Amino acid sequence: MATPDPISTSRELSGPPDGSSSSAVLEGYAHSVMNTFGPPKRVFVRGEGCYVWDADGRRYLDLLAGIAVNALGHAHPTVLSAITGQIATLGHVSNFFATPAQVALASRLTTMTGADDGRVFFTNSGTEANEAGFKITRMTGRTKIISTEGAFHGRSMGSLALTHNPKYREPFVPLPGEVIFVPYGDADALAAATSEDVAAVVLEPIQGENGIVMPPPGYLRTARQICDQHGALLWMDEVQTGMGRTGSWLVHVEEGIRADIITLAKGLGNGFPIGACLATGPAARLLGPGSHGSTFGGNPVAAIAGLAVIAVIERDDLLSHVTAMGEHLETTIDQLGHPLITGVRGRGLLRGITFAEPVAAAVADAALDAGFIVNAPRPDVLRIVPPLVITTAQLDTFVAALPGLIDRTGEAA
Ligand SMILES: Cc1ncc(COP(=O)(O)O)c(C=O)c1O
């Protein structure tokens, strides 16, 4: 495949299909991109709202949103004008200097925690936000961290140490320690494992990568009490659950709990790479000059993207919309009464459709062929994390197609 000239063809590369076929791009991918994700299923060239188009001109309803990232959908005009306006004015200055956008976003995010003494360290991803969180825990003078079975916190060496999946971990041991894994949602196991030498307990309020696993009611509150009893930090990884995905800014704040460390990313920049490690109380002051850093973290373009996302979510009352859409999806899927569907779990627009058999990957493939993007984080769970702006009519097209997609997997078997 001929190498595109980024200057003369930048519009074509990011714009509508120009006749360049998917197969040529996929061939180039196989030759030049490391094979960490397996072969790409499609080549996408354009997005608008809740739809994306592939290089062959086919349209897809995006119910995955770049894995819970494109909160406002694709090419949102407010985000676009904020980013282009900022980069046309001041694109980057390094962390020797401050910018108004960075400070405004830090202040807006700390307000979300409900604490008045919060501070932020900006990063470019959820993994890096968790690396910052990890370093904060080390500054307590304790080294033990409690994580949970099924947890996903990223794949850098530090965040991988907190991630449970042995397939991801084992090739890379030894990982930074000492991390102990307890069953997720089991408050007694958490209490039994926590002692005076535990620096922090790290929890996803809902486990996303593990298949949208909800803890029992009261679990997060009990975790807070256990941490208080032992002087341990409570660390909420809201990378997937935060920024409106579940119908509130932050799940733990909605449940009336204070966290010492909160990590964010995904929906925060609507696709512009940005993450944040927030801390409250004494934990907010544990990192000092020289103890952590980032060249790009807090970049004004990323920060303005975050501010634009928050402003639109507020202006368009999207938190209530998310709750309504999540309930609509759950009700309409339940009404299908399909024998293989065992339920819909999750909150807001962080949803998992569960199956009685391990058909989720086959359903996701059939869905893609039919023009719907979803994924299967577990063999029996289909994840639905669409843009927060999705409509009932758009969700209904998927729900109407779902029985046929499931039945097609039976035919293929
Ligand atoms: C809960 C959670 N934490 C951390 C991460 C890692 O974030 P990133 O992929 O932005 O590095 C993810 C990604 O799926 C996640 O779901």
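The values are calculated or read from the model by the stated rules, or taken from the named source; none is laboratory data. In this text the structure is predicted, and so the values were computed from the model without any measurement. Glycine gets a Cβ as well: all are built from the backbone with ideal geometry, and neighbour counts include every protein chain shown. Just so you know, the surface numbers come from the protein's heavy atoms only, side chains and all, with ligands and any DNA or RNA stripped out. Shrake-Rupley method; radii C 1.70, N 1.55, O 1.52, S 1.80 Å.
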- Note on the structure: How many residues of segment 167-180 are more than 16 Å from the ligand (Cβ to nearest atom) and among the hydrophobic types (A, V, I, L, M, F, W, C)? The answer is 2
- Residue hits (segment 390-404; more than 12 Å from residue 63 (Cβ to Cβ) and among the aliphatic types (A, V, I, L, M)) are 393, 400
- Would you call residue 296 within 13 Å of the ligand (Cβ to nearest atom), at negative phi and outside any helix (DSSP H, G or I)? no
- Among the residues of segment 277-313, write down those that are more than 14 Å from residue 95 (Cβ to Cβ), within 21 Å of the chain's Cα centre (by Cα) and aliphatic (A, V, I, L, M). 278, 279, 301, 304, 305, 307, 308, 309, 310, 311, 312, 313
- Query: Which one of 280, 295, 323, 331 is open to solvent by less than 10 Å² (accessible area, probe 1.4 Å), out of contact with any strand residue (DSSP E or B) (no Cβ under 6 Å at 6 or more places or on another chain) and among the β-branched types (Val, Ile, Thr)?
  - Reply: 280
- Hey, can you tell me all the residues within segment 209-259 that are under 23 Å from residue 160 (Cβ atoms) and under 14 Å from the mean Cα position of the chain (by Cα)? 209, 210, 211, 212, 236, 237, 238, 239, 240, 241, 242
- Output for Cβ contacts, cut-off 7 Å, separation at least six or different chains, first residue under 16 Å from residue 256 (Cα atoms) in segment 218-246, second acidic (Asp, Glu) and surrounded by fewer than 20 Cβ atoms within 10 Å (Cβ to Cβ), reads 220/255; 221/255
- Message: Can you name every one of the helices (runs of 4 or more DSSP H) wholly within segment 55-166 that holds 2 or more residues which are within 17 Å of residue 278 (Cα to Cα), within 16 Å of the ligand (Cβ to nearest atom) and open to solvent by less than 40 Å² (accessible area, probe 1.4 Å)?
- Response: 126-138
- Query: So which residues in segment 224-262 are small (Gly, Ala, Ser) and at positive phi?
  - Reply: 231, 244, 247, 256
- Item | Top-ranked residue of segment 355-377 - restricted to ones that are farther than 18 Å from residue 401 by Cβ and in contact with a strand residue (DSSP E or B) (Cβ under 8 Å, 6 or more places away or on another chain), ranked as most open to solvent (accessible area, probe 1.4 Å) | 356
